[in-house]
Every structure is written in C-alpha cells, then in structure tokens.
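The values are calculated or read from the model by the stated rules, or taken from the named source; none is laboratory data. Values in this document were obtained by computation on a predicted structure and should not be read as measured data. Glycine gets a Cβ as well: all are built from the backbone with ideal geometry, and neighbour counts include every protein chain shown. Calculation scope for accessible area: heavy atoms of the full protein, side chains included, ligands and nucleic acids excluded. Shrake-Rupley method; radii C 1.70, N 1.55, O 1.52, S 1.80 Å.
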There are 2 protein chains.
Amino acid sequence: MTDRNQTATLADVAQAAGVSTATVSRCLNEPEKVSERTRKKVIAAVNTLGYAPNFAAQAMAARRSKTLGAVIPTMANAIFAEGLNAFQETVMEAGYTLLVATSNYDPDEEETQIRTLLARGAEGLMLIGHERNQSIKDYLAKRNVPKVVAWAHDPQRVGSSIGFDNARAMAAIVNHVKGLGHNHIALIAPPTEGNDRVQARIAGAADAVGHALPTEIATYDLDAAADAFARLMTLSPRPTAVLCSNDVQAAGAIMQARAMGLAVPGDVSVTGFDDLAIARAVDPAITTVRVPHKRMGRMVAEQLLSRLAGGADRMVELETTLVVRGSTAAPQ
Amino acid sequence: MTDRNQTATLADVAQAAGVSTATVSRCLNEPEKVSERTRKKVIAAVNTLGYAPNFAAQAMAARRSKTLGAVIPTMANAIFAEGLNAFQETVMEAGYTLLVATSNYDPDEEETQIRTLLARGAEGLMLIGHERNQSIKDYLAKRNVPKVVAWAHDPQRVGSSIGFDNARAMAAIVNHVKGLGHNHIALIAPPTEGNDRVQARIAGAADAVGHALPTEIATYDLDAAADAFARLMTLSPRPTAVLCSNDVQAAGAIMQARAMGLAVPGDVSVTGFDDLAIARAVDPAITTVRVPHKRMGRMVAEQLLSRLAGGADRMVELETTLVVRGSTAAPQ
DNA sequence: GATGAAAGTGTAAGCGCTTACATTCCTGAA
DNA sequence: TTCAGGAATGTAAGCGCTTACACTTTCATC
C-alpha cells in the first residue's frame, strides 16, 4: 500500500490549469458553461496529468451514481446473455454504467445481491421474474427504487415489466404437439422454487391439456436433462413427446435419446424453449419458442431510464413465436 | 428527485444507538474492538433503521474499494462464463466484489472499459490475453495496477498470467488429425486482430504441419462458421479435416456439412476448442480440447488477491487435454 | 462613457464514511 | 486505596468531488 494507484485529482488539474476546481468540474460536466479559452487549458491539463475522475467521489458529491443494476439467475448458460447485452448497450448509450450480479436461482442470494447493488449506488434495477422474498420487496418499496421485471408478463401484478406470457408460450407448444396427435406428453423443467417463469410454463402446459403432466426436474445442463429424459422413458405409457423448459435441456434429451437408441422425432418428439443457438446446432434441430431477447433487453433499459426520469410504470407483453423444426413429428 | 432513495446513514445509526459514528463504524468493520453491550445496541439500531453502508463513501474514506475488475471479450457465448464464474466466487469469498465489463473483442473498447473499471475503484484486474493497446499498458504500468492475464500463456511475456499454451493445444489437435492420416487440413478461426490466443492457435497449427494452413475467418456464431465451412469446401483439393478455433464454430461447421450432404467424419473431420456443452450435444460429438476453465478462474482470482497483498508475479501454465470424440476419423 | 444583464469564475460547504489521536473507563497489582 | 495501562469510546480531519451562492468580467445598449 505504498503510493500505488496515486492518481491526479481534480485539484491537481485545477492547479495545473490555473483555475478553480469548480471550473474544472464544470468543464468536464457542463462544457457549455465554460469559456473556450479555459476549456482548452483544462483539457490540456487533464491530458498531461492523465486525470480520470474518481467515481466514488463523484457519486457521493452529486448524490447520483449514473449506475443501474441487473441481477440475473446465471451466466452459465446463454439464456440471459443476449438480453443482458442489449440492456447493457442501451444503458451505456444513455451514459449509465451497469452492475451485473447473479443469484444462482436462489432467492436469498438474489436478495443479498440486490442489497449489494443498491449499496453500490444502483439507481434502478432490472430483475428477472416477479417472484422474490417479501423482505426484499418491502425494502425496494421503502427505498422507492425504480425496477423493471423482465422475462415475465403477468397482468395480475403491478409495476413495470417487459416480458412475455410464459404460460401462453408453453400452451402454444403443447397445442402444436397435440395437433400432431400426441397424447402422452411429459415435461422436463428446472427447479421451480422462486422461478415463476417455469411455474407459469408448467401451469400453461397443464391448462392446455386439461391435466397436470408428468414432470421431471433437471438443472440447466445436458447431463441432468439427459437423466430426466431417461426417467421419463421408464413411464408407462411411455411419453411420445417431451417438452423441455429450455433448449439446453432439449439438447440433453435428444442426446440421451440417441444414447438409448430412440429416434427423434420418430420414437419421441422433443421441444425446447428460448431458441438459443444450440437449437439449430443439434440434429434434429429443435422445435422451440423464439423469445425476442434483444428487443426485451432494450425495452427494459428504456423503461428503466424512463422511470428514473420520472416516467410512469408500464407493462409490456412481447410476442413469442413457435419455431417448428425437425425434433417434432406425429407419433408413429 | 424528491426524497427517493433516502437511506439511514452511519450518523443516524449512531444517534439511535446513542454512540458516536466511530463506534458504529468499528462495530461494523472490527467488531472485536467494541464491547458486547455497545455492539448489541448498534446492531439493533442497524436493523431497525435498515441501515446499509454507502459504498462510495466507504471506498472514499478508506481509500480502498474492495473491488476487482474483469474485462472479457464477450458474454454472448459460453467461452468465458465458466471461468468468470469461478473467478467471481473466489473473489467474493475473499470479501471483494467484482465488476465485469465486455470489450466485444475490440482493443479500443477494452481500453475504455479498463479505464472505467479503474475509475470505479477496481484495485486489480483480470484481463484476457496479452495483446492490447500500448497506451493502456502504459497507463496500467504507471498506475501500478495489479493485473493478471488469463486464457493465455506466453513465457516471453512478463507479469502474472494463468493460462495455457494455445499454440501447443492446437498442435495437439493437428497431430491427432495428422495421425489419422489427414493431409488436407483447413482452419476456421475468429478475427485475429487483438486476439493473441487465436493468433497462437493458427501459428501452432502451421508449425505442426510445417506450413500455413488455408484459413477462413468467421465470428463466433453458427451461421458465420457455416459460411466459412462452405467456402473451405470449395477449395481443391478439398480439405478432409476442418479445425475450428471454438466449439460453436465446429457445431456450425457440422451443421453446414449436414446441409451440404457431407458426412462427418466420413467425408470431413471437424474439431473444436474449449469443450463447451455444445460439443457433446451435437451429433457427432466434437473432438476438442478441454480447457480447465474453472481451475483457471479460481487461480486467476487467487493470484490477483496475492498480488494485492504484495505477492510476486507468477506465471502458471495449465495443461489442456485433447478429447477425442466422434467428429474425427481417418479420411476415406 | 455609463449601465445592467448575461456569462464566466471562484469560494466553500458538504456528501457518508474511516481512522489517527485524544479522552474516558475499567481492571488488577501494589 | 491507588494508579498504571489496556480497553472502549469519542472527536474531528479528511477522502475527491459537485454545486449553491457570491463575485467578477464582458458586452450590447443607451
């Protein structure tokens, strides 16, 4: 801890330029309020000293951090990557920086991450799904932090959200499969706790067929999905269609089908969700639901910025589209 | 901007607990220095007020942020996700928080991201690869910011790095393919500018065969790789093996081969790099190089923390392993 | 040239914390 | 009982910035 990280301060720049710190600050933040002459002097000083503003000091003095936060369940698969990217881009264009945290699908972890982001000065949050601990909901309400919920749409809720109707999207898949003639349909879904998107999908599927479907729980990786698929294949009657909550799981299911010598879609149809790259990479390509991730991310950012500027809450429902590919066909 | 975000401050807690701010601060940061009695009072006050420390103020007063930064090329594919995750976990265990930024494989963008992270108080950085703008190198050197380079190992360089020998890993693939009897080998690689890992891989392949190989450049997505594969198939003699710089590209190549009616590995062998999930999801599964992402991420964090604590620079070379799967076979 | 408004600049008070140093309290040995 | 010395606490000086307010210049107008 010697003089590491020694950095020029505003005062250094001011001295070098022969002006006051106020002028330097203005020059950097509201250049139009400073005369041409002074501006040049200041900029020269900034450059020679390699001055970079200290973020903490800035945030503290101005009492706003120009920072937004996002907490997503995971970075481990691509589900959120694209939306987050679009979110980030939009946010940066507006001069804000983004703090990202992951909750690992754990409500408690999400809560601490939210608190951390807030302590770090996040002025607004993007959150995934509606469901979370009551304590953190209260906290957010009390602090009056603008937030917008993404990846979910539920007209029953209040507040800002940009998302799609998970139940309806799932129902669309079910109807497609039913339309092909399948009567023995089963589900592979990730753990439902704290995940209202998945709950909605399971419920949507049940609604569409009129009863609850046999469901195996698997985490978001190939092997877990493969195991779940194997378990489903022991049921009798054996399902002729397996609907997965995610393309990765669908890929795992297809992988396992291959290992078991079952043809897809000949012996069993498989569907995914999200339309990730992997959906087209596997053989057969996966019938899935395309979610407008990019658009969603961008709209979340816009809505959040609008809330920050005093705008009203808004709920937007985005359309999803069924993408039929080779992994589904009529049962033999 | 009314009284939004009003939050209890240290002073509020101090008043509520009937002690000084210094005591509250100590109670939170060095509890052992405070008597049992006071501690209880303070903790009670903290809870009833819902106090959370203001990060900016903390960082400013203590003149250290307990923050590390990482800038990775992209979150769009899974390449860096796993390593970053491990990095993050290790860093959090040590009580640090992590700031992540993406450069989109653009050196200039990387430079601004690094500056941003530093302005935000990052005390150390994880960077991918050795190659970057001289200006930012100078800046880091001048500010004496501890950094460790990941994903690359180059004995020629100085400083801390945890990585593997990209050239050697690629040579291993080439040797495997050559060993199967292939003489017409081609490459699909991402844009090489500012990406020393890819440059090393291309060079490693060239070394292993004794001459430069026909190479098509494609970004990290299925379609770009598919196009690149199609272009390679127009060469004469037609390559019997296509080595990709990444599993996603390999998946794209296989997808395209299927579309063109070419059998993999019958008509053409394909290899990948990284051993991502997708490598096992596709059919045939991809012969690839397994990189110890998790271990690497963890070691980078440890090395960075050690540097922060005054430790010395260290260069670690990790082993990679060739994983032979169905996508490679002897040429017909 | 005098005048007042507008434009440019400076002064200084914090923002919410940490921490060196000063002060007070408590303990046990003499 | 006394008192040294450690333990517990308080006081107050910043950390590097922004910004209200005060002040000085500039300049068009009369």
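Assorted remarks:
- The residues of segment A:157-180 that are in contact with a Lys or Arg (Cβ under 8 Å, 6 or more places away or on another chain), open to solvent by 10 Å² or more (accessible area, probe 1.4 Å) and within 13 Å of A:Gly204 (Cα to Cα) amount to a single one, A:Ala167.
- Scanning segment A:211-223 for residues that are among the small types (Gly, Ala, Ser) and buried (at least 21 other Cβ atoms within 10 Å of the Cβ) returns a single hit, A:Ala218.
- Residue match in segment A:116-124 (condition: surrounded by fewer than 21 Cβ atoms within 10 Å (Cβ to Cβ) and of a type in the set (Lys, Arg)): no
- Failed condition for B:Arg258, given (1) within 14 Å of chain A (Cβ to nearest Cβ); (2) buried (at least 24 other Cβ atoms within 10 Å of the Cβ): (2)
- Evaluated against (1) polar (S, T, N, Q); (2) closer than 18 Å to A:Ile79 by Cα; (3) surrounded by fewer than 16 Cβ atoms within 10 Å (Cβ to Cβ), A:Gln332 falls short on exactly one condition, (2).
- Any hit, segment B:14-32, residues being more than 8 Å from DNA strand C (Cβ to nearest atom), within 12 Å of chain A (Cβ to nearest Cβ), at positive phi and of a type outside the set (Lys, Arg): no
- In segment A:72-103, of all residues being assigned to a helix (DSSP H, G or I) and more than 8 Å from chain B (Cβ to nearest Cβ), the one that is farthest from the chain's Cα centre (by Cα) corresponds to A:Glu93.
- Criterion (aliphatic (A, V, I, L, M) and surrounded by fewer than 16 Cβ atoms within 10 Å (Cβ to Cβ)) met by exactly one of B:Ala253, B:Ala241, B:Ala309: B:Ala309
- Qualifying residue in segment B:16-23 (condition: more than 10 Å from DNA strand D (Cβ to nearest atom), surrounded by 18 or more Cβ atoms within 10 Å (Cβ to Cβ), more than 41 Å from the chain's Cα centre (by Cα) and farther than 27 Å from A:Ala101 by Cα): yes
- With respect to the conditions (1) in a loop (DSSP other than H, G, I, E, B); (2) closer than 26 Å to A:Ile254 by Cβ; (3) open to solvent by 60 Å² or more (accessible area, probe 1.4 Å), B:Gly326 lacks only one, and its number is (3).
- Flag for A:Arg238 being in contact (Cβ under 8 Å) with a residue 12 or more places away in the chain and basic (Lys, Arg): yes
- Residue among A:Gly50, A:Gly69 that is at positive phi, away from DNA strand C (no atom under 16 Å from the Cβ) and either in the same structural domain as A:Arg143 (by TED's automatic domain parsing) or in contact (Cβ under 8 Å) with a residue 12 or more places away in the chain (or both): A:Gly50
- Members of segment A:104-129 that are in a helix (DSSP H, G or I) and either closer than 15 Å to A:Val300 by Cα or outside the structural domain of A:Pro73 (by TED's automatic domain parsing) (or both): none
- Candidate set: segment A:51-64, residues that are within 7 Å of another protein chain (Cβ to nearest Cβ) and open to solvent by less than 40 Å² (accessible area, probe 1.4 Å); chosen: the one farthest from A:Thr7 (Cα to Cα): A:Ala59
- A:Val149 fulfils the conditions (1) outside any helix (DSSP H, G or I); (2) within 14 Å of another protein chain (Cβ to nearest Cβ); (3) free of Cβ contacts under 8 Å to residues at least 24 places away in the same chain except for a single criterion, (2).
- Out of A:Ala208, A:Ala203, A:Ala226, sole residue that is touching a helix residue (DSSP H, G or I) at 6+ places or on another chain (Cβ under 7 Å), open to solvent by less than 30 Å² (accessible area, probe 1.4 Å), among the hydrophobic types (A, V, I, L, M, F, W, C) and under 22 Å from A:Arg290 (Cα atoms): A:Ala208
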